[in-house]
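Just so you know, all these numbers are worked out from the coordinates, no wet-lab data involved. Keep in mind the model is a prediction, meaning the values are calculated, not measured. All Cβ positions, even for glycine, are placed from backbone atoms using ideal geometry, and neighbour counts span all protein chains on display.
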Number of protein chains: 2
Amino acid sequence: MLKEELLKKIIAEKDITIAVAESCTGGMLGGLITSISGSSKIFKGGVISYSNDIKINVLKVDEQIINDFGAVSEECAKAMALNVREIFDVDYSISITGIAGPDGGSIEKPVGTVWMACVDEFGVETFLSNFKGNRDDIRNSAVSLAIQVLYNKIFEM
Amino acid sequence: MLKEELLKKIIAEKDITIAVAESCTGGMLGGLITSISGSSKIFKGGVISYSNDIKINVLKVDEQIINDFGAVSEECAKAMALNVREIFDVDYSISITGIAGPDGGSIEKPVGTVWMACVDEFGVETFLSNFKGNRDDIRNSAVSLAIQVLYNKIFEM
């Protein structure tokens, strides 16, 4: 299904609340969710934590996590999703943190490396991707996967 | 100039920090800013305060403002921009709150009504628009205007 169709199914069938924590996508995921009329039924909002400062001071990610593992890491994605779920008091949360390029890549974490975490009442699940393409491609791929991850989590697939 | 060109000029020429507070655009403004490589130089992030609950509990907008004037009001736009500037500790902030439709309009505030506020160290400026078109048109118009407002404020035009 197209990502818009997945969102429409969530909105039509589920009585839940969702929040997002976005780094490399900068708000695109929230922008896509709210492109669907009726999204206010489920979407409360999110934090665009583009700088590490905001990850630490607004999203309350432990500074030690970023020092030890980096902002693009499973640990940071987990903390972002867990914390936004708590701060926004929602049922489901999803985080995205990655390297959209063209700069910022390394051998260990090349451009296209994206970590996500999705949280519900039962716990947290994480996802590592290595997307191909340019900055736009990588960010669009991340948003599409995030919608699929949310859908699968919400419909328990 | 195209909005991407305005953003590139800001990034290239100014040593400043920016944050956003988005309601009806749901993250699109942050998404657009971060579509430009190098935006991390100026953009710290933002709050997507799609629900009133998040405007009040995360952005710390006084509940009385929303009760008295509504979420789509000059007063709410002002509070959103002032508060995100303080919480994110940035030089410039901009807020967007409006009715993207197709539902939610009224005679006093028809679909397309959008309030924005832009804040710098000298104070707050507000903007009321009545955009035409469908949900996508209205949201895209709001994002384009927000970029122009930011540019004018930053370059003192």
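Sorted shortest first, the separations between the residue A:105 label point and its copies elsewhere in the assembly read 4.6 nm; each point sits 7 Å from Cα along the Cα-to-Cβ line. From helices alone, chain A scores -12500 deg cm²/dmol at 222 nm; the rule is -39500 (n - 2.57) for each run of n ≥ 4 DSSP H residues, then divide by the residue total. Pairs of Cα atoms nearer than 8 Å and 6+ residues apart set the relative contact order; for segment B:30-113 it is 19 percent.
Annotation: amide H-H contacts under 5 Å for residue B:48 (H modelled 1.01 Å from N, sequence separation of 5 or more, or interchain): A:46, A:47, A:48, B:22. Each of the GluC sites (Glu not before Pro) that DSSP puts in a loop and that has at most 14 other Cβ atoms within 10 Å breaks chain B; the longest unbroken stretch is B:1-107. For segment A:53-157, chymotrypsin sites (Phe, Trp or Tyr not before Pro) are listed when DSSP marks them as loop and at most 11 other Cβ atoms sit within 10 Å of their Cβ; the list is A:122. Across segment B:67-84, coupling constants 3J(HN,Hα) worked out from phi with the 6.51/-1.76/1.60 Karplus curve, θ = phi - 60°, read 5, 7, 10, x, 6, 9, 7, 4, 5, 5, 4, 4, 4, 4, 6, 4, 6, 5 Hz, and Gly and Pro carry x. Taking every C-alpha pair closer than 8 Å and separated by at least 6 residues, the mean separation divided by the residue count of segment B:3-154 gives a relative contact order of 24 percent.
Put the Cα centre of segment A:41-76 next to the Cα centre of segment A:114-157 and the gap is 16 Å. Derived scalar couplings between HN and Hα for segment B:32-38 equal 5, 4, 7, 5, 8, 4, x Hz in order, rounded to whole Hz, by the Karplus curve 6.51 cos²θ - 1.76 cosθ + 1.60 (θ = phi - 60°), x for Gly and Pro. Residue and whole-Å distance for the chain B Cβ lying nearest the axis of the B-onto-A rotation are B:27, 1. Of all lysines in the structure, the ones whose alpha carbon falls short of 20 Å from that of residue A:41, not counting any fewer than 8 places away in one chain, are A:3, A:8, A:9, A:14, A:153, B:55. Restricting to segment A:3-154, what percent of DSSP beta bridges are antiparallel, rounded to 5? Just about 60 percent of them are antiparallel.
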